[in-house]
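*Asks:* Mind looking over this structure? Questions follow.
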Amino acid sequence: MGGFLLGGPIAGLAAERNHKTEKTYDLPTGEARTGAAIYQKMCADCHGDKGQGVKDEYDEPLHGNRPLQSLVKRIARTMPDDNVGACVGDDASKVAAYIYESFYSPKAQARLNPPEFDLSRLTISQYRTSVADLVGRFRPGFDRALGPQHGLKAHYSGLQLEKPADPAATADAKPADSKPLTKKEDKKRPRVQFDRVDSQVDFHFAAASPDPEKMEPEEFSVRWEGSIIAEETGTYEFIVKSENGVRLAVNDMKNLLVDAWVSSGPDVREEKRTVFLLGGRAYPISLEFFKFKDKTASIELLWKTPHGVVEKIPQQFLSPERLRETMIVKTTFPADDRSVGYERGTGVSKEWDAATTDAAIEVAEHVDAHLDELTTTKSSDPNRVDRLKQFARKFAEIAFRRPLSDEDYRHFIGHQFEVAKTPEIAVKRAVLYTLKSPRFLYPEIPKAGKPDGYDIAERLALSLWDSLPDIPLLRAAAEGKLQTHDQIVAQANRMMADPRTKAKMHGFFHYWLELERAEGIQKDPKSFPEFDAQVLADLRTSLFLFLDQVVWSDKSDYRELLQANYLLLNERLAKLYDKSVSGEGFQRVEFDPNRRSGVVTHPYLLAAFASSKQTSPIHRGVFLTRTIVGMTLKPPPMAVAFEDAKFDSHLTMREKITELTKNTNCMGCHGTINPLGFSLENYDAIGRWRTQDNHKPVNAVTDFSTDEGDKIHLTGARDLVKFAAETPSGHRAFIHLLFQYAVKQEVNVYGPDELENLRQAFTSSGFNIRKLLSDIAVTAAMRGMPEPEAKVAQESKPSTAPKPL
Amino acid sequence: MSTLNRRQFLRQLGVSSAALPFLAGLPSLMGASTPQRRQRVIIMFSPNGTLPNEFWPEAADELVLKPIMEPLNPFKDRTLVINGICNKIRGDGDNHMRGMSCLLTANELLPGNIRGGGGTPAGWASSISIDQEIKNFLQGQKDMRTRFGSLEFGVAVPDRADPWTRMSYAGANQPVAPIDNPYQMFGKMYGRMKDRDDLASVLDDVREDLTRVSAKLSARDKALLDQHVTIVRNLEQDLKHSDKDAKMAHPMPELDPSVELVNDNTPQISRMQIDLLVNSLANDMTRIATLQYMRSVGQAQMRWLGISEGHHSLSHEPDTNQDSYAKLKKINTWFAGELAYLAKRLAETPEPAGEGSMLDHTLIVWTNELGKGNTHALDNIPCVMIGGAPGFKMGRSVKLEKTPHNRLWLTVAHAMGHTKLDTFGKADLCAGGPLSLA
């Protein structure tokens, strides 16, 4: 114990000494008692001589985002962990400073391991979106915006009602079992036809016709056409219910999804088929229906979206305009690497290569089957071969995101036309080569020198759309108009308005709010009998509608995401959450600001961060700590399961958790996690407001210490959110997540100051999310631009420009 | 390559281990010490009836073939012609619909919404067809199970599902669609092997591209691409060696990749389908197959025979129209020629794991929806058997007394070992049970 009796102020230290163990450290005295020396003696055994960690002692390397003061306090309070109190006061300050500067701080880490740009291949969703847009390029208008009208175009066709028999002539009326009319005879009868737009397909004609005054009820047909709008990527189930003949085609108009033209009997049949669709797009749909002498007639068109329940397709997802088919790759790929949290395309495997082969064959066959349409030629055209060659070249250029040199064209594509048996086979092979080529699969191949316009174009298209550059981008690159900061910003802003950006942001919401937890949650039916799959689907819709509304509003204010005191509810949800809404659809419902505050108190999230019966303050607390407040948390050294049965049955959840985590080692992190989690205890396992937990009043009042050492008093969600919405670390967390998700690289690759630059710009823009996304895309696009141009870009920013790599 | 490596290799190519066409038939794998006797059945369909005077031979113990069946002469000692089989199914639907959709089910159609040229509207068949019935029986026997159980081949079948385009039914309301695209059928049988040539022609370029690109990268990035190059090289090698196993009895057929699936190429497509059919039987992928030419009321314009009128229209001309009569004769002779090609391919292929040729162990049944086109007759439906099966004495022609075709199918089922089948289709038409044709 000789060591710490000497040296600087050590008042009260004797009292903090851990009396359980006596341990000698043999520390030097005076000037030799440096931070480094203290570290070597007291810390290195568990943390490694360079903070890298020691197997079986403390595996995690010592680095993080805590400021220095926080480190000092943490060490004094909890370290060394087998002799707490042995390193305090001046010792703690010195060793903390040493640790901080040598390897803990982000700056130190950046110095020791400068982050590199990771070469990656396309992720699964990037692959699919790129192929859809690539083939779509040969179907002009495939991605045009739909008009505002909703519903499907309907064409009704039947026979004119025969004039009613003259009552005087009933005696001569035809006998009841006269021979049925032949097709020829039928053809001679006058027809009745009319068109209209039906908001939904849900008709029960019984024994009548669609127009009982004019149209014969025995036989008639209807055809509905238009497009369906798919918001989410995933598997959609389409259901047609009818006792008559029906045929349904969705997206692929050549191969029917449902062919139930032949009806065999009077019972209503239900035909169900699934199809995988990419979100954020619309697809052509055609539904044909006919009745011939069936007793009754009816038809319903329903669907089940990836996270929805079976419902008649709502009007707002139908359009009477018919778009062209989108090529959606059906091949399944092995899952992308998610070891760092977001999906990246690092690493190749045999399975992945096999999948790219299958997918390439799928696309080659699609092109082959639609060759005339995609190349706008016929096999009898005299210049057919030239047109096919042009197609093959253009296909490769769009896929490779830049023009193909004549030499490369001749070698890889022209060559196929010379050796293949027919030009059609040459096209197929050209498509196969293109989609297996690294120039398609690895979108950003590092190269020396300044990025050119095409590099910038492909980076913008990837960050904002997860896809290939579109025509305006490629044109700008070709004309040299994609070089200056202003030009690049202008393109980014144009691209922001595209539905593909909205689709990418949906993916971001999923990632940011950890919505995977909400997949298939089941709540205890006794405690929450009304919480069924329909409610879950509605809550998800409510959340996404809210997120979309805020992000795509003028202000696009991040703070509103956290602080909004309203929820978008429909009738069903309103009832469950103690409000009332009348009429169709989701409406804005205001709440007491102390009871609802943005995403943090949205019932979908609260239900996701909860078990089937009870709340989970730890899960909620961890989410709030990391994602909303933006503090670092290491994983727990030991995973401890929460077992309700182990606790006194009279305790509230707060009391149980407090009991479970009271150990000093736990409190290192739980000192932060718990207060945040408890502040949401007024919301039960399905996010409803409650004031009682286990027959005791809920206590959501807590004190929470920030990294800087400030104590914040929280009386509930509103206080927490007020703090989080204004704190720079919270903004940093949001920016960091959005950056990683959009660009799929570490932000430090773009310079050690980049995150701070973005944060300052975020603040000055009024926390505008769209502007942030644009800044991120522009930063990623301009990687490697030489300083002078980058400096021009930074004129508006107060801090230094990101250093080029 | 040893047989085990082949299994691995096929799995790697994405062809599942169930898809071992080359191996499945080899006795060494089955563990059987004696060769197994395999019996097969192929039902071939052609539409619009026939010309009875040009078709039916005299009932005799020695077969003298009439003009339409002339192409079958090389096989006449293995041919059995049965006159007097009648489709006695009435009820909903017109004669064509019942001729087609009750042909293999021998049972009535369900009431429905599809209107024919006359009669009441009808739906699908109301029970299982004989090919599917026999398939289920065989798949239930451990030693007779095959990968597919049955394969339904088509030639020039229109792309719609109605009672005129379907003759196979897995059960009531469950039509089974034939595959008339040889490339699609090839893909079904051989998986990704169908793309072998296309892939082989591009993988070299892909590897070159990868090498070029990786040359300019940092060491860390290069490692990723090098891994990729290795994987591609392995795929190339696997594809190259896929056909070289000497143990393979029946190699994957070579399909001409450039045949456009249009009407005028029908003869070529027919031969491609027959080759695939023989290949599937040789590799024991199935023991039951159907081969459907066109559909009931087929209107094919057989320009390859110099005929531009639709088949169905011709079939409705009176017998006195000599021009149509001659054309119908040509058409039906062409169908007989395709049957002859099928028989020839089976005859020249040795029976794997057995004795004699495959034809010795296969019963081909050529039939039709109608007896005669212009009368829509459902009596005396063409029935020509070629090959060999237990219980059939070949090389002759017999005339039966207006026999319901239920009994014909019972006989075929019994020949395939399904001897517990007492009735098939409409039960009261099965009086007398299987026919005695031995």
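*Asks:* Need the list of aspartates and glutamates near A:Lys575 for cross-linking: C-alpha distance under 15 angstrom, and skip anything on the same chain fewer than eight residues off.
*Replies:* A:Glu530, A:Asp532, A:Asp538, A:Glu584, A:Glu590
*Asks:* Positive end of the dipole of segment A:452-533, charges at C-beta (+1 Lys, Arg; -1 Asp, Glu), about the Cα centre: which of A:Ser463, A:Ser527, A:Met495 has its Cα farthest in that direction?
*Replies:* A:Met495
*Asks:* If you don't mind, there's one more thing I want to ask. Karplus couplings for segment A:425-434 from phi (6.51 cos²θ - 1.76 cosθ + 1.60, θ = phi - 60°), rounded to Hz, Gly and Pro as x?
*Replies:* Going residue by residue, I get 5, 4, 4, 4, 5, 4, 5, 4, 4, 4 Hz, with x marking Gly and Pro.
*Asks:* Is segment B:293-438 best put as rounded, prolate or oblate by its Cα gyration tensor, with a ≥ b ≥ c the root eigenvalues, rounded for a/c under 1.5, and otherwise prolate when a/b is larger than b/c, oblate when not?
*Replies:* Here segment B:293-438 falls in the oblate category.
*Asks:* Compute the long axis of helix A:485-496 from its Cα atoms, compare it with the longest principal axis of the Cα atoms of chain A, and write down the angle in degrees, 0 to 90, nearest 10.
*Replies:* 50 degrees
*Asks:* Another question about this same structure. Given charges of +1 on the Cβ of Lys and Arg and -1 on the Cβ of Asp and Glu, with all other atoms neutral, how large is the dipole of the protein assembly as shown about its Cα centre, in debye to the nearest 20?
*Replies:* It works out to roughly 460 debye.
*Asks:* Roughly how many debye, to the nearest 20, is the charge dipole of segment A:82-135 about its Cα centre, given +1 on each Lys and Arg Cβ, -1 on each Asp and Glu Cβ, and no other charges?
*Replies:* Its charge dipole is roughly 260 debye.
*Asks:* Of B:Lys188, B:Lys66, B:Lys420, which is the most mobile in a GNM of chain B whose springs link Cα atoms less than 10 angstrom apart?
*Replies:* In the Gaussian network model the winner is B:Lys420.
*Asks:* Using only the alpha-carbon atoms, how far is helix A:533-551 inclined from the longest principal axis of chain A? Give it as 0 to 90 degrees, nearest 10.
*Replies:* 70 degrees
*Asks:* Report the net charge of residues surrounding B:Asp226, where surrounding means a beta-carbon distance below 15 angstrom and charges are Lys +1, Arg +1, Asp -1, Glu -1.
*Replies:* Every neighbour counted, the sum reads +4.
*Asks:* Can you report the principal axis dimensions of chain A using only the alpha carbons, biggest first, rounded to whole angstrom?
*Replies:* 125, 76, 46
*Asks:* What is the distance, in nm, between label points placed 7 Å from the Cα along the Cα-to-Cβ direction at A:Thr346 and at B:Asp77?
*Replies:* In this crude spin-label approximation the distance works out to 7.6 nm.
*Asks:* Next question. Working out 0.36 nm times the residue gap between A:Glu185 and A:Gln692, then minus their Cα-Cα distance, what length gain in nm do you get to one decimal?
*Replies:* Computed gain between A:Glu185 and A:Gln692 is 174.8 nm.
*Asks:* Same structure again: Nearest 500 deg cm²/dmol is fine: what mean residue ellipticity at 222 nm does the protein assembly as shown get from its DSSP H runs of n ≥ 4 alone, each adding -39,500 (n - 2.57), divided by its residue count?
*Replies:* Roughly -11000 deg cm²/dmol at 222 nm, from the helical runs in the protein assembly as shown.
*Asks:* In the structure shown, do any of A:Lys50/A:Lys744; B:Lys76/B:Lys393; B:Lys327/B:Lys399; A:Lys214/A:Lys295; A:Lys428/B:Lys188 have a Cα-Cα gap over 22 Å, and if so which?
*Replies:* A:Lys50/A:Lys744; B:Lys327/B:Lys399
*Asks:* Is the shape of segment A:272-341 rounded, prolate or oblate, going by the alpha carbon gyration tensor and its root eigenvalues a ≥ b ≥ c, with a/c under 1.5 for rounded and a/b larger than b/c for prolate?
*Replies:* prolate
*Asks:* Checking a compactness column here: for segment B:141-276, what do you get for Rg(Cα) / (2.2 N^0.38 Å), N being the number of residues?
*Replies:* Taking N as the residue count of segment B:141-276, the ratio is 1.49.
*Asks:* How large is log10 of I(q)/I(0) for segment A:228-286 at q = 0.16, 0.20, 0.30 Å⁻¹ when the intensity is taken from the Debye formula with one equal scatterer per alpha-carbon?
*Replies:* Each listed q maps to, in turn, -0.52, -0.74, -1.24.
*Asks:* Note down the net charge around B:Glu401, summing +1 for each Lys or Arg and -1 for each Asp or Glu among other residues with Cβ under 15 Å from its Cβ.
*Replies:* Charge balance in the 15 Å sphere: +3.
*Asks:* How far apart, in nm, are two points set 7 Å out from the Cα along the Cα-to-Cβ line at B:Thr320 and at A:Glu270?
*Replies:* Going by the 7 Å Cα→Cβ label model, 6.0 nm.
*Asks:* Post the alpha-carbon centroid distance, segment A:441-461 to segment A:264-281, in whole angstrom.
*Replies:* Rounded to whole Å, the Cα centres lie 42 Å apart.
*Asks:* Oh, and also: Taking θ as phi - 60°, what are the ³J(HN,Hα) couplings along segment A:591-600 by the Karplus curve (6.51, -1.76, 1.60), each to the nearest whole Hz, with x for Gly and Pro?
*Replies:* 10, 4, x, 7, 10, 9, 8, x, 4, 4
*Asks:* Pull up all non-local amide H partners of B:Gly84: gap of 5 or more, or a different chain, and H-to-H distance under 5 Å with H placed in the peptide plane.
*Replies:* Those lying under 5 Å, H to H, from B:Gly84 are B:Asn380, B:Ile381, B:Leu400.
*Asks:* Here's something else I'd like to know. Could you state the number of Å between the C-alpha centres of segment B:279-326 and segment A:233-249?
*Replies:* For segment A:233-249 versus segment B:279-326, the Cα centre distance is 35 Å.
*Asks:* So, one more: For A:Glu659 and A:Ser527, compute 0.36 nm times the residue count separating them, minus their Cα-Cα distance, and round to one decimal in nm.
*Replies:* Separation in residues times 0.36 nm, less the Cα-Cα distance, equals 45.0 nm.
*Asks:* Then there is this: If you line up the long axis of helix A:68-78 against the longest principal axis of chain A, both from Cα atoms, how many degrees apart are they, to the nearest 10?
*Replies:* 70 degrees
*Asks:* Return the tail of the calculated pair distribution for segment B:380-432, meaning the percent of Cα-Cα pairs more than 18 Å apart.
*Replies:* 36 percent
*Asks:* For segment A:305-455, what is the convex hull volume of its Cα atoms per residue in Å³?
*Replies:* Given the Cα convex hull of segment A:305-455, per-residue volume reads 213 Å³.
*Asks:* In whole Hz, what ³J(HN,Hα) sequence does segment B:291-300 give by Karplus (6.51, -1.76, 1.60; θ = phi - 60°), x for Gly and Pro?
*Replies:* With coefficients 6.51, -1.76 and 1.60, one gets 10, 9, 8, 6, 7, 4, 6, x, 10, 4 Hz.
*Asks:* Give the long-range amide H neighbours of A:Phe276: residues separated by 5 or more places, or on another chain, with amide H under 5 Å away, using H modelled in the peptide plane at 1.01 Å from N.
*Replies:* Counting only residues 5 or more places away or on other chains, the set is A:Tyr236.
*Asks:* If Lys and Arg each add +1 and Asp and Glu each add -1, what is the summed charge of the other residues whose beta carbon sits under 12 Å from the beta carbon of A:Asp554?
*Replies:* Taking every Cβ under 12 Å from that of A:Asp554, the sum is +1.
*Asks:* Shape call for segment B:33-182 from the C-alpha gyration tensor, a ≥ b ≥ c root eigenvalues: rounded (a/c under 1.5), prolate (a/b greater than b/c) or oblate?
*Replies:* Because a/c hits 1.5 or more and a/b fails to exceed b/c, segment B:33-182 counts as oblate.
*Asks:* Given H placed on each backbone N at 1.01 Å, which residues far from A:Asn65 in sequence or on other chains put an amide H within less than 5 Å of it?
*Replies:* So A:Asn65 has HN proximity to A:Thr632.
*Asks:* Taking only complete DSSP H runs, can you tell me which helices of chain B stretch 18 Å or more along their own long axis by Cα positions and average at least -1.0 on the Kyte-Doolittle scale?
*Replies:* Membrane-span-like by this criterion, though nothing is claimed about a membrane: B:196-215, B:219-241, B:266-282, B:322-347.
*Asks:* Follow-up question, since we're still on this one. If each of A:Glu213 and B:Arg220 carries a label point 7 Å out from its Cα toward its Cβ, how far apart are those two points in nm?
*Replies:* 7.7 nm
*Asks:* Which Cα, out of B:Ala438, B:Leu291, B:Leu421, lies furthest along the positive dipole direction of segment B:280-438 (beta carbon charges, K/R +1, D/E -1)?
*Replies:* B:Ala438
*Asks:* Continuing with this model, one more query. Given that compact globular proteins tend to follow 2.2 N^0.38 Å, what is the ratio of the alpha-carbon Rg of segment B:254-318 to that value?
*Replies:* 1.38
*Asks:* Next question. Distance from the Cα centre of segment A:683-698 to that of segment B:165-219, in angstrom?
*Replies:* Taking the Cα centre of each part, segment A:683-698 and segment B:165-219 sit 58 Å apart.
*Asks:* What order do you get for A:Lys421, A:Lys188 when you list them from fewest to most C-beta neighbours inside 10 Å?
*Replies:* In order of increasing Cβ crowding within 10 Å: A:Lys188, A:Lys421.
*Asks:* Can you put A:Leu435, B:Leu276 in order, fewest other beta carbons within 10 Å first?
*Replies:* B:Leu276, A:Leu435
*Asks:* Is there a quick way to get the dipole size of segment A:627-763? I mean about its Cα centre, with the Cβ of Lys and Arg at +1 and of Asp and Glu at -1; what is the value in debye to the nearest 20?
*Replies:* In debye, rounded to 20, segment A:627-763 gives about 280.
Since every read-out is calculated from the coordinates, none of them should be taken as a lab result. The model shown is predicted, which means the values in this text are computed figures rather than measured ones. Neighbour counts are summed over all protein chains in view; Cβ atoms, including those assigned to glycine, are modelled from backbone coordinates with ideal geometry.
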